[in-house]
Amino acid sequence: GTATTATTAYDTAMGTLFGHVLPGSIFYICGFWNLVNTLRVLAAGAPFHHRFWYPIDLKFTQRPVEPILKMIMCVAGILIEMGHSARWSIHDTEGNFQNMNDFQHCTMYLSFLLASTVDLLASKNSKLAGLDGFCYFVGFAGEGFLFYFHLGGRPMVDAQIHLCLVVACVMCAITAVLARWKSSNPITSIAFALFFHAQWNLVHSCGFSIVPDRTRYSGY
């Protein structure tokens, strides 16, 4: 009926469950890895210095694996988000904006792709050290703006989840700067890792609030 059509149109406009599970899972992996390694360094009792990425000990390569994996995940997120060639157009044949949700999500991926690229370059060039904090600030601030402007026209529960996500993004942006500024202070680093990791649950919740009845979900 009319209600079903309206609900389906809302789900289509606001994305899908998979479209939220994908970035949420990336936040889970990256946030959990950062939190665990931050606590591991503190437990070892060695002099603490904040890092946005940690080395992965692999016998077959000495390259900075984590930044490369982050870059791959961001590129994969952009390609999956856009889905097919028709979505790469921001205007329809009449000049109206279209696929704005997809382009907004891709902007978020691009922001973190930039930060991960700086991580990779800084591992080879010490002159870029410190620029990573600014890039992560830009990434999380951009994500916060993205989700803030996602609030319009949403049901109350969905809007409240997005608002909590905006707060988490703001705190990530702030603690990213503080952690780089006070790099020897573990409190700011732990706070950054916790807010980073917390985002996965909120992003997943956004997806499930869009499709509360999973019997209606038929794929991305």
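Summary of computed values
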item: For the stretch 28-43, Karplus couplings with θ = phi - 60° (6.51, -1.76, 1.60), whole Hz, Gly/Pro x; result: 5, 4, 5, x, 5, 4, 5, 5, 4, 6, 4, 5, 5, 5, 5, 5
item: By accessible area with a 1.4 Å probe, ligands and nucleic acids excluded, highest first: order of Glu94, Glu66; result: Glu94, Glu66
item: Per-residue HN-Hα couplings for the stretch 189-206 [Karplus 6.51, -1.76, 1.60; θ = phi - 60°; Hz; x = Gly/Pro]; result: 5, 5, 4, 4, 5, 5, 5, 4, 5, 5, 5, 4, 5, 5, 5, 4, 4, 4
item: Whole-percent carbon and sulfur share, accessible surface of the stretch 119-179, 1.4 Å; result: 77 percent
item: Separation in nanometres of the label points that stand 7 Å from Cα toward Cβ, at His91 and Arg40; result: 5.0 nm
item: Residues of type aspartates and glutamates that Lys70 reaches as a straight line, Cα spacing below 20 Å, ignoring anything fewer than 8 places off in the same chain; result: Asp57, Glu81, Asp102, Asp119, Asp132, Glu143
item: Percent carbon-and-sulfur accessible area, the stretch 30-117, ignoring ligands, DNA and RNA, probe 1.4 Å; result: 66 percent
item: Solvent-accessible area of Lys182 with every protein chain in place, 1.4 Å probe, in Å² to the nearest 10; result: 100 Å²
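The values are calculated or read from the model by the stated rules, or taken from the named source; none is laboratory data. Since this is a predicted model, take the numbers as computed values, not measurements. Don't worry about glycine lacking a Cβ; one is built from the backbone with ideal geometry, like all the others, and counts go over all protein chains shown. Remember, those area values only see protein heavy atoms, side chains included, never the ligands or the DNA or RNA. Shrake-Rupley method; radii C 1.70, N 1.55, O 1.52, S 1.80 Å.
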